[in-house]
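Enquirer: Got a structure for you, questions after.
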Amino acid sequence: MLSLEELLTERVRAIVREEIAPPAFVNQRTVEAVVGLPHRDFLRLARSKAFPSTRERRLVVARTSDVVAYVERQIAMREARPGNDHDLEAVALARVGARRVAK
């Protein structure tokens, strides 16, 4: 059986974990603090249906997980390397209207 001190310690740890967890929903006022996305970008993306969102009077509300997933997809797309045929030589050849022929 756990002592009173151990029970209190476990309860304090549970409270800290709950407070550290990000909120389930964000809006244009909280998105920058929670996700790091500027509020204007959040509003533009919500308007263009980049992630599911809804309006509650003047607030645009979206799930935190949806916004984070969208941002992570955009980061992954930016960091993706082009295929083997997109090296500098292929780009230069494409600019003059030529293609590399396989050997």
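Enquirer: Can you work out which of the residues in the stretch 1-53 that are hydroxyl-bearing (Ser, Thr, Tyr) and surrounded by fewer than 11 Cβ atoms within 10 Å (Cβ to Cβ) is nearest to Ile75 (Cα to Cα)?
Expert: If we take residues in the stretch 1-53 being hydroxyl-bearing (Ser, Thr, Tyr) and surrounded by fewer than 11 Cβ atoms within 10 Å (Cβ to Cβ), then Ser48 is nearest to Ile75 (Cα to Cα).
Enquirer: Related question: Quick check on Arg99: is it out of contact with any Lys or Arg (no Cβ under 9 Å at 6 or more places or on another chain), modelled with pLDDT under 90 and part of a helix (DSSP H, G or I)?
Expert: Values: out of contact with any Lys or Arg (no Cβ under 9 Å at 6 or more places or on another chain): yes; modelled with pLDDT under 90: yes; part of a helix (DSSP H, G or I): no.
Spelling it out, it is not the case that Arg99 is out of contact with any Lys or Arg (no Cβ under 9 Å at 6 or more places or on another chain), modelled with pLDDT under 90 and part of a helix (DSSP H, G or I).
Enquirer: Look at Val61 and say whether it is closer than 20 Å to Ile75 by Cα and surrounded by 10 or more Cβ atoms within 10 Å (Cβ to Cβ).
Expert: No: the conditions fail for Val61.
The values are calculated or read from the model by the stated rules, or taken from the named source; none is laboratory data. All values reported here derive from a predicted model rather than from experimental measurement. Virtual Cβ from ideal backbone geometry, glycine too; neighbours counted across all protein chains shown.
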